[in-house]
Every structure is written in C-alpha cells, then in structure tokens.
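Read the figures in this text as sums done on the coordinates, not as results from a lab. Here the structure is a predicted model, which means the values were calculated and not measured. Here Cβ is always computed from backbone atoms with ideal geometry, including for glycine, and neighbour counts include all displayed protein chains.
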Amino acid sequence: MIKNKMQDAFNKQIGEEIYSSYLYLSMAAYFETINLKGFSHWMKCQAQEEMFHAMRFFTHILERGGAVALPRIEEPKRKWESSLNIFQDGLVHEEHITDCIHKLMDQAVDEKDYAAQNLLKWFVNEQVEEEDNFTEMVAKLKMIGGDQPSLLLQDKEMAARMPGINPYVGTIPAGTAA
Ligand code: FEO
C-alpha cells in the first residue's frame with residue numbers, strides 16, 4: 001500500500017508529466033505554423049512520450065492501492081521567437097522535471113519506500129536522456145544559425161523519429177511528418 005504523502009507527490013508528478021505533454025504539443029503546433037513539419041513530428045512524439053511517463057505514475061499509484069487525483073493542467077506557451085528558442089525552453093523544462101524527479105527520490109528514500117525508489121530509478125536515467133536530447137538540439141540549432149538549407153535538412157532528420165509504443169495506452173499511430 002502506498003502512503004498518502006508519496007501518493008500525493010506522485011499525483012502532482014502526473015500533472016507535471018501531462019503539462020510536459022501539453023507543452024510539447026504546443027511546440028508541435030507552432031512548428032507546423034512555421035512549416036517545419038519534421039520538427040513538429042518530433043515534438044508530437046515527445047508529447048506522446050510524456051503521456052507514457054504520466055501513465056507510469058498513474059499505474060504505480062493504482063497498483064499499490066492508492067487513489068489517482070488528477071491535478072489542474074496550466075495552459076502552455078503558444079509562441080516562440082525561433083526554433084532555437086523552442087529547444088532552449090524545452091531544455092529548461094527538462095531540467096525542472098529532473099529536479100522534480102530527484103526530489104521525489106529524496107522523499108522515497110526518507111520514507112523507505114522501496115517500490116517508489118525502484119520506479120524513480122527509471123526516471124532518473126530517463127532524465128539524463130531527456131536533457132541530453134534537448135542539449136544536443138540546442139547545440140545543433142546554434143550551429144545552423146540562420147542557414148535555411150541546413151535547417152530544412154535538420155527538419156527532414158527530425159521527421160525520422162519513431163513514435164513509441166505505450167504499454168499503458170496501446171500503439172501510437174505514426175506521425176504526420178511530410
Ligand atoms: Fe517526462 Fe521529458 O520528462
């Protein structure tokens with residue numbers, strides 16, 4: 001049985017992960033409006049992955065006899081100055097999520113909640129990958145600068161991202177990249 005304090009913290013984290021999904025979906029919509037459909041596809045895949053993260057906490061709470069209480073989700077930003085600015089915002093957001101995960105781990109250790117620690121170990125590793133992805137894209141977009149042909153080439157590369165398979169909600173349909 002999950003204790004109330006851990007359950008409440010995990011419910012809050014469900015909100016953080018769903019907000020992440022919202023944010024990346026908003027970024028996907030923005031990329032589409034500036035005709036970068038490969039980047040848009042990449043962000044749709046990212047949004048889908050965030051729902052997978054939310055579902056891991058959702059399932060964990062229920063499997064341990066807890067109660068899911070979904071928090072309110074804030075409206076995400078809708079406009080950015082550039083592709084670089086979008087990925088910089090994404091990186092700042094991922095750093096915030098890493099901080100949330102580390103705080104949850106501290107709590108799980110304090111409470112000697114071994115099941116929660118086990119779940120959170122996966123997220124600690126996942127956040128290393130998440131920050132790395134955004135850091136790499138920030139560096140690449142800085143290199144590209146205002147060079148339009150290079151940006152279009154990168155857009156083509158972004159279209160190749162494979163949508164994940166979410167064991168909690170089924171297979172995710174392929175993206176709509178051109
Ligand atoms: Fe669920 Fe991108 O952190």
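State to the nearest 20 debye the size of the charge dipole of the range 15-163 about its Cα centre, where the only charges are +1 on K and R beta carbons and -1 on D and E beta carbons.
So the dipole magnitude of the range 15-163 works out to roughly 460 debye.
Gain in length, residue 157 to residue 121, computed as 0.36 nm per residue apart minus the alpha-carbon separation, to one decimal in nm?
Working: separation 36, 0.36 × 36 = 12.96 nm, distance 3.07 nm.
Between residue 157 and residue 121, full extension yields an extra 9.9 nm.
Quick check on the exposure proxy: order 83, 150, 40 from fewest to most C-beta atoms within 10 angstrom.
Ranking 83, 150, 40 by Cβ neighbours within 10 Å, fewest first, gives 150, 83, 40.
With a cap of 10 neighbouring Cβ atoms within 10 Å, and only residues DSSP puts in a loop, list the trypsin sites (Lys or Arg not before Pro) found in the range 1-107.
Answer by residue number: 72, 78, 79.
Just to be sure I understand the model, the point goes 7 Å from the Cα along the line to the Cβ. What's the resulting residue 63 to residue 148 distance in nm?
5.1
Going by how many other beta carbons lie within 10 Å of each one, how would you line up 26, 20, fewest first?
Ranked by crowding around the Cβ, least crowded first: 26, 20.
Evaluate the relative contact order of the chain (contact order divided by residue number), counting alpha-carbon pairs under 8 angstrom at least 6 apart; express in whole percent.
It comes to 32 percent, rounded to a whole number.
Ignoring everything except DSSP H segments at least 4 long, calculate the 222 nm mean residue ellipticity for the chain; use -39,500 (n - 2.57) per segment, divide by total residues, nearest 500. Each step should come with its number before you reach the end.
Values: 5 runs with 127 residues, N = 178.
One gets -25500 deg cm²/dmol as the mean residue ellipticity at 222 nm.
Please give the contour-minus-distance gain from residue 135 to residue 99: 0.36 nm per residue of separation, less the Cα-Cα distance, rounded to one decimal in nm.
Working: separation 36, 0.36 × 36 = 12.96 nm, distance 1.63 nm.
Taking residue 135 through residue 99 to full extension adds about 11.3 nm, to one decimal.
Translational diffusion coefficient, Stokes-Einstein: compute it for the chain using the Kirkwood radius over C-alpha pairs as Rh, at 25 °C and 0.890 mPa s, and state it as an integer in µm² s⁻¹. Could the numbers behind the result be given before it?
Values: Rh = 17.1 Å.
Rounded, D is 143 µm²/s.
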